[in-house]
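Below you'll find the structure, written out as structure tokens, and then a few comments.
The values are calculated or read from the model by the stated rules, or taken from the named source; none is laboratory data. Because the structure is a prediction, the values reported are computed rather than measured. With ideal geometry, Cβ positions are generated from the backbone for all residues, glycine too; neighbour counts draw on all protein chains shown.
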Amino acid sequence: MSKGSINTVAYHPAGMPEPGRLETLAEGVHWLRMPLPFALDHINLWILDEDDGCTLVDCGLATAETRAAWEAVFRDPAFKGPVRRVIATHYHPDHLGLAGWLCERWGVPLLMTQAEWLTGRMTALDSPASLASKQIAFYRAAGCGEDFLGAVAARGNAYAGRIDPIPAEFRRLRHDDILDIGGRGWRIMVGRGHAPEHATLYCAELGLLISGDQILPRISPNVGVWANEPEAEPLSDFLDSLEIFKALPAGTLVLPSHDRPFHGLHTRLDDLAAHHETRLGDLLAALGEPMTAMEVAPALFRRKLDHHQTGFAVGEVLAHLHLLRTRGQVARDLGADGIHRYRSA
Ligand SMILES: [Zn+2]
């Protein structure tokens, strides 16, 4: 056991669903798993039964494998079709990837928050050339090496490659909206920091929170700075968002997008806040001579990172450095070489 945090949640005893199968967690609430071709190799999706069909929550990555898994789900005896609507918690491709295909297949609307729908649409439309020039400038300023910058230039619009065309029309979810799903009220609670306006769904009657990527049981959700908003300070947003979930009952069963459903919401919220404070302290302690984000990254990420992981790691390091700047503990200088260097203030 590492970090201690793994001890503080209690996993729900439900068996892990095979791809293409439904695992029923509560009356009318089903858990699915879809494959992902990454180190994080799965995503959890949810089906909520209605009187005359069902609502899908999240969609999976746009791959032939996920499409085939969905077709198997639609043949599962526990599946109560037809699909009446598709909800996407946020714009990341493992959540929104197949929304276009699912909405088209069933002739149903997509429900999202406005910022997530807009961000997804706009990210998918970025031309590879404009994206590459923006990203290269951003990662160069962070102190990344030429081999990584070359990989960034070569990968084009990776987001667009993992997602079906996003529906050009959506229905807006707002914080505190109550959706009637199968005769039960599900409250939309918006979290920030991982994504701009991440929707989570809470049902008081069932004591269930569909938390998406906002709250995960073991890994900490990625909170990163990206090239499209290089001065972003998302960690404050993330830490503030933890607070709104403290208002939910301690016994809430949390349904996260990765890993397994769990109890222990309040301790997990405390652990996530403590985890980031520890990392802020680690970074501060590592800053001796002025250092680039890349040079100080080993204070947070000790293992060797591949190119895919480097983008996430730099974003995470910058998120922490930017919060330290907000707090007045770190200063940033721009060198004549165009590279940012950080020092304790
Ligand atoms: Zn995400």
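Residues that are basic (Lys, Arg), in a loop (DSSP other than H, G, I, E, B) and within 24 Å of residue 315 (Cβ to Cβ) occur at least once in the range 190-198. Selection of the range 282-314 for residues being within 16 Å of residue 235 (Cβ to Cβ), in contact (Cβ under 8 Å) with a residue 60 or more places away in the chain and in contact with a helix residue (DSSP H, G or I) (Cβ under 9 Å, 6 or more places away or on another chain) yields 284, 293, 314. Of all the numbered requirements in (1) buried (at least 18 other Cβ atoms within 10 Å of the Cβ); (2) more than 17 Å from residue 59 (Cα to Cα), residue 164 misses one, and that requirement is (2). Annotation: of all residues in the range 243-270 being in contact with an Asp or Glu (Cβ under 9 Å, 6 or more places away or on another chain) and within 16 Å of the ligand (Cβ to nearest atom), the one that is farthest from residue 133 (Cα to Cα) is 256.
Can you go through 60, 53, 97, 107 and tell me which one is at pLDDT 95 or above, within 15 Å of the ligand (Cβ to nearest atom) and on the phi > 0 side of the Ramachandran plot? Walk me through how you get there before you give the answer.
Values: 53 fails: within 15 Å of the ligand (Cβ to nearest atom); 97 fails: on the phi > 0 side of the Ramachandran plot; 107 fails: within 15 Å of the ligand (Cβ to nearest atom).
When all the criteria are applied, what remains is 60.
Considering only residues that are in a helix (DSSP H, G or I) and not aromatic (Phe, Trp, Tyr), which ones fall in the range 61-81? Scanning the range 61-81 gives 64, 65, 66, 67, 68, 69, 71, 72, 73, 75. Among the conditions (1) crowded, with 18+ Cβ neighbours inside 10 Å; (2) within 16 Å of the ligand (Cβ to nearest atom), the only one that residue 309 does not satisfy is (1).
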